[in-house]
Amino acid sequence: MSGEGQTDLRVFREEIRTWLEENNPGTPPPLDTVEMREWSSEWQRRQFDSGWAGIDWPVEYEGRGLSFLEQIVWFEEYVQSGLPVGHSCFVVALAHAGPTLIARGSDEQKATYLPPILRGETPWCQGFSEPGSGSDLASLTTRAEIDGDMLVVNGQKVWTSYAHLADFQELLVRTDPAAPKHKGITWVICDMRTPGIDVRPIRTIDGGAHFSEIFYEDVRIPIANVVDEINQGWSVAMSTLAIERGPAALDYQLGTLRDIDALVELAKQRQLLKNDELAARLSAVRAEGAALRSMTYLSVAEAKSGAAPSAMTTAVRTFWGELQHKVGRLAIDVLGSDSLELGTWSAYWLTQFSAGIAGGTKDIQKNIIGERALGLPR
Amino acid sequence: MNFVLSSEQLEVSTVAAKVLGQLVPFARLRELADAAEAGESALAIDEETWRHCAELGWFGLGIPASRGGVGCGPIEEVLLFVELGRHLAPGPFASTVIATWVASASGHHDLAAQFMDGSRRAGLVVDEFLVDAEPGGLVVQFEGMSCALCEVGALEQVPSVDASVRLARRDVRAVVARVDDPLLAGRAQLLISAMELGIAHAVLDMSVEYAKFRTQFDKPIGTFQAVKHRCADMAMRVHAARAQTLFAGYHVESRTPDAPFQAAAAKVTATRAAKLNTADNVQNHGAIGFTVEHDAGLFARRAHILEFALGGERVAGPTLLEPDRHRFETLPPPVAEWFDVAATR
Ligand SMILES: Cc1cc2nc3c(=O)[nH]c(=O)nc-3n(C[C@H](O)[C@H](O)[C@H](O)COP(=O)(O)OP(=O)(O)OC[C@H]3O[C@@H](n4cnc5c(N)ncnc54)[C@H](O)[C@@H]3O)c2cc1C
């Protein structure tokens, strides 16, 4: 349809820019509290009402049905507008719960769950990790027993981002303890308001409390909520992780580029570009930021063209995590002892510690690159 | 990510890989280097091989057909130079291609024709040195946005870290041709980036192969996470350099305002990939990698030379730091097209 040189895409970009200018919520999102949910819902609803939600989601589920190119242009303008990136409790719903359902859900599940996500009604969370099962996710032990047309769940999840604000959960449970560990897992949609669920927020290193531990006691979930088949959950979870580790985070990634820009600006203000070492590190992160974007666009184009997802998609995420580590440390070096005061950049530095852990640690990602992309022996 | 390249473009890589494997295998590279060290030859590459490359159109690849070239663009040039890097092809390939651009764009068509038919070569000015310059020959010199083709003065050879690259003290005389084009330096950086990418990729392949084959403690060393993760790091650097070099190629081809920034980002990313990967590759091989017989050293040395070609990171740095922010609004048309093609579902 359109290259950037042609008018329709430029018009589309202009439309987004104008809309964002006129509709900027003005106030920053309150973090981690119930007010955050209100803020996120309202903002998501406003985007939906103007046709900016689910730009590349199918029209039948109330998306716009446009291509990923338009979605990218939205992300770019969104990030460029200075609006906060990632501070939304809809991140799981939009970035991988919705896309997992689009890829693997039944028609009924899609019709039930997708539109409310776009309308800003239902935040989701991801119940994969457990106290005993982090990197070794397939060892999970939260148990689901079949009772007629219901699953009865007992066990515990942990590190569940925005669990305290979410209505639904991507829940992984063990339905067949006798089967080999990858074969007895089920991916089920869990309504967080079901009796027997106890969510307890956990405070984080950067002063937030966005994730929780969750206890399940005889939680009854309809079998109709199972995505794909019972005991096929590992394969569904792999779809979720492929999306989560792939293009899902594009807006966050572009956000890192914006953070780098802000840091370069700060260094300029402080006349620190004269310092060869800092200048070299700053230009290196700028170059790596550009490379991150190039890699992402290539892998997105590849994924959308139907090519088998390459294990190198994982490399993009890992590269990005390491870039965030560098940016965090660089911020401290640009600020010097001014970073002792808790502020935007010192908080950024604390937050970036999670970039090598969340979504699968960088060590695990490097195992995946080594074994699956390079074919090294296990 | 090859799907983004057309089969004609991929053909450039395939042909170059095949030809270079036959013309300059590493054994030949070593012969040429030995001859240079023994003072037997002033040339980095023999005339016959050079002419053969000229016949394949390599020196006029990016020159419009109307001016006697092949009529391809920066992407094809990148693909060719990745192979030149991977095979450690000796000789002033990048500087001769740049010289052809300069001669052609400044109306020196006879000179351009000589570069294209292989009867002339041009070396490169790198700070206080001349790289692969020849007696009475020409060298390419960048000054900011301007690129000049100059005559070489006295040629005082000095020992080079990479014996397959000729190094002389800088002595530059009259300017023969000059072009002012802010995109020329970027396009030239891409040639160097592409060679660095080829090197980074070649040593990744070398390390992975060795890690599968070399056994210690009754296991292939690739089972050890320290080695496996080093290989994964190498692969990530290659992936980043490749994506950025190609992406920058599309920017240069489409002459977007962002092209100089993107090309500088390619140079920095590819330089880091080449220097870090060649070092990791030596480590992955243990003592054998430290010997002169082993090819690991050839790659490390060449990467070292290329790191400084066209000013290296110090020159690319200011271009990267200059803009207030990354620009998103100029997606080069070919990139926009991938998403379009891809989006029909
Ligand atoms: C901010 C944040 C948000 C999160 N949000 C969610 C969420 O919403 N939902 C959810 O389900 N989970 C979430 N997680 C959890 C995350 O997926 C896990 O933390 C991660 O998979 C690692 O598991 P673990 O913490 O148990 O660490 P472990 O698996 O115990 O790892 C500890 C250390 O050992 C290393 N290690 C372990 N195994 C290997 C191996 N085979 N090879 C090499 N090194 C190894 C790890 O790399 C790490 O350094 C979140 C985590 C963070 C930090």
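The values are calculated or read from the model by the stated rules, or taken from the named source; none is laboratory data. Being a predicted model, the structure only gives us computed values, none of them experimental. Cβ atoms come from the backbone with ideal geometry, glycine included; neighbour counts cover every protein chain shown. Protein only, heavy atoms only, side chains kept; ligands, DNA and RNA dropped before computing areas. Shrake-Rupley method; radii C 1.70, N 1.55, O 1.52, S 1.80 Å.
Numbers below:
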| quantity | calculated |
| --- | --- |
| Semi-axes of the equivalent ellipsoid for the stretch A:124-231, Cα gyration tensor, largest first, Å | 23, 16, 11 |
| Residues in the stretch B:302-326 that, when all protein chains are in place, have 40 Å² or more less accessible area than the chain alone would give (probe 1.4 Å) | B:320, B:321, B:324, B:325, B:326 |
| The stretch B:7-184: Rg to Rh, with Rh as the Kirkwood radius over Cα pairs | 0.95 |
| Efficiency of FRET between residue A:325 and residue A:45 - r from beta-carbon atoms, R0 41 angstrom, step 0.05 | 0.70 |
| Cβ-based net charge around residue B:203, under 10 Å, with every Lys or Arg adding one and every Asp or Glu removing one | -2 |
| Within chain B, helix-based [θ] at 222 nm, where runs of 4 or more DSSP H residues each add -39,500 (n - 2.57), nearest 500 | -19000 deg cm²/dmol |
| Positive-pole candidate from B:202, B:50, B:234, dipole of chain B, charges at beta carbon | B:234 |
| Highest average packing first - B:258-265, A:132-139, Cβ atoms within 10 Å | B:258-265, A:132-139 |
| Principal-axis tilt of helix A:68-80 within chain A, Cα atoms, nearest 10 degrees | 50 degrees |
| Charge dipole magnitude, Cβ of K and R +1, D and E -1 - the stretch B:7-184, Cα centre, debye nearest 20 | 120 debye |
| Percent breakdown of C-alpha pair distances by 5 Å bin, ordered from the shortest bin, for the stretch A:220-378 | 2, 8, 15, 17, 16, 13, 10, 8, 5, 3, 2, 1, 0 |
| Total accessible surface hidden between A and B, rounded to 100 Å², 1.4 Å probe | 4800 Å² |
| Accessible area of the stretch B:168-257 belonging to carbon and sulfur atoms, whole % at 1.4 Å probe | 49 percent |
| Exercise: per-residue mean of other protein chain Cβ atoms within 10 Å, A:274-287 | 5 |
| Peptides ranked, highest mean first, by Cβ atoms within 10 Å: ranges A:68-80, A:341-353 | A:68-80, A:341-353 |
| Threshold 20 Å², the stretch B:1-39 residues less accessible with all protein chains present than alone (1.4 Å probe) | B:1, B:3 |
| Surface per residue (accessible, 1.4 Å probe) for chain B, Å² | 39 Å² |
| Of A:110/A:366; A:110/A:157; A:181/A:326; A:326/B:18; A:326/B:212, those spanning more than 30 Å from alpha-carbon to alpha-carbon | A:110/A:366; A:181/A:326; A:326/B:18; A:326/B:212 |
| Against the rule of thumb 2.2 N^0.38 Å, how large the Cα Rg of chain A comes out | 1.01 |
| Percent accessible area from carbon and sulfur atoms, the stretch A:245-373, protein chains only, probe 1.4 Å | 56 percent |
| Compactness relative to 2.2 N^0.38 Å, alpha carbon Rg of the protein assembly as shown | 1.03 |
| Set of the stretch A:122-140 residues, backbone N closer than 16 Å to the point 7 Å along the Cα-Cβ line of residue A:378 | A:135-140 |
| The stretch B:15-106, relative contact order [Cα under 8 Å, separation at least 6], % | 33 percent |
| For B:219-231, mean number of other protein chain Cβ atoms within 10 Å | 4 |
| Residue-averaged beta-carbon neighbours from other chains (10 angstrom radius) around A:229-238 | 0 |
| Difference of contour (0.36 nm per residue) and Cα-Cα distance, residue B:143 to residue B:315 | 60.8 nm |
| Helix runs (DSSP H) in chain B reaching 30 Å along axis by Cα, Kyte-Doolittle at least 0.0 | B:182-213 |
| Residues with amide H under 5 Å from that of residue B:172, placed H, sequence gap 5 or more | B:153 |
| Helix axis angle, A:7-23 relative to chain A longest principal axis, alpha carbon, degrees | 90 degrees |
| Percentage relative contact order, the stretch A:44-140, counting C-alpha pairs under 8 Å, at least six apart | 28 percent |
| 19 Å cut-off, amide nitrogen to a point 7 angstrom out along residue B:290 Cα→Cβ, residues in the stretch B:218-257 | B:227 |
| Kirkwood Rh and Cα Rg combined as Rg/Rh, the stretch A:3-88 | 0.99 |
| Net charge over other residues, Cβ less than 14 angstrom from the Cβ of residue A:211 (K, R count +1; D, E count -1) | -1 |
| Average accessible surface area per residue within the stretch A:314-378, 1.4 Å rolling probe, Å² | 45 Å² |
| Per residue Cα convex hull volume in Å³ - calculated over the stretch A:216-266 | 126 Å³ |
| In degrees, nearest ten, helix A:312-335 long axis to first principal axis of chain A (Cα) | 50 degrees |
| Accessible carbon and sulfur surface of the stretch A:124-231 relative to its total accessible area, %, 1.4 Å | 50 percent |
| Distance-filtered residues of the stretch A:335-378 - backbone nitrogen under 17 Å, label point 7 angstrom along residue B:225 Cα→Cβ | A:356-372, A:376-378 |
